[in-house]
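Novice: Have a look at the structure that comes next, please.
Any read-out appearing in this document is the output of simple, stated calculations on the displayed coordinates, not a laboratory observation. From a predicted model like this one, the values you see are computed outputs, not experimental measurements. A quick note on method: Cβ atoms are made from the backbone with ideal geometry, for glycine too, and the neighbour counts reach across all protein chains shown.
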Amino acid sequence: MNDGHEQAPFLLERTPFGKLILTNAQGERFTGVLPVRAFPILAPEEGISLISTEGHEVAWVERLSDLPASYQSLLEDELAHREFMPMLARIVDVSSFSTPCTWTVDTDRGRTEFVLRGDEDIRRIGTGRSLLVADAHGIHYLVPDQKALDAHSKRILDRFL
């Protein structure tokens, strides 16, 4: 178990302009690195790649908890700014049970509407209780546990699954 004081195989800092700088063990500096989760839904704290502005992986983090607390904070902050995946809490209404159709939903970020292009844009993930719903603009809405939805939302989902 790591207490957050483990030494990282690289140095990580933020410029005054907000860009991350990674300096590897060989002394190479990479300005503007971006963290990318390998498994953003099923294992968000594991497998984080640090990518250079040229699109090359310059470092790999097996587990976020393996890094010093200050690095964890930098990466979590950067990931929070880059990732946008609202949690779908309730399906209020759908314009039609054939696609494409407009869904009105409540999320953890408020009420919104989106267009579902086809049934294939609703995918089961993980153990099968979680769903990922993609809208026509490529925004993904996470349903962590479809069994936890209210009865109205479940009935609507059943028509599409």
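Novice: Hey, how much of the P(r) for the chain falls beyond 28 Å, as a percent of Cα pairs?
Specialist: Of the Cα pairs, 38 percent sit more than 28 Å apart.
Novice: Could I have the simple spin-label model distance between Thr23 and Leu42, label points 7 Å from Cα toward Cβ, reported in nm to one decimal?
Specialist: With each label point 7 Å from Cα toward Cβ, the separation is 3.8 nm.
Novice: Just from its helices, what would the mean residue ellipticity at 222 nm be for the chain, if runs of 4 or more DSSP H residues each count -39500 (n - 2.57) and the sum is divided by every residue, rounded to the nearest 500 deg cm²/dmol?
Specialist: That calculation yields -4500 deg cm²/dmol at 222 nm.
Novice: Same structure again: Got a sec? How would His137, His152 order by Cβ neighbour count within 10 Å, fewest to most?
Specialist: By the 10 Å Cβ count, ascending, the order reads His137, His152.
Novice: What number, in nm² with one decimal, is the all-direction average of the projected area of the convex hull of the alpha-carbon atoms of region 88-160?
Specialist: Computing the convex hull of the Cα atoms and averaging its projections yields 4.3 nm².
Novice: At 7 Å along Cα-to-Cβ for each site, give me the label-to-label distance between Arg90 and Thr127 in nm.
Specialist: 2.6
Novice: Phe97 versus Thr53, label points 7 Å from Cα toward the beta carbon: distance in nm?
Specialist: In this crude spin-label approximation the distance works out to 5.4 nm.
Novice: From the Cα gyration tensor of region 10-82, with a ≥ b ≥ c the square roots of its eigenvalues, which class applies: rounded if a/c is under 1.5, or else prolate if a/b is larger than b/c, or else oblate?
Specialist: The shape class here is rounded.
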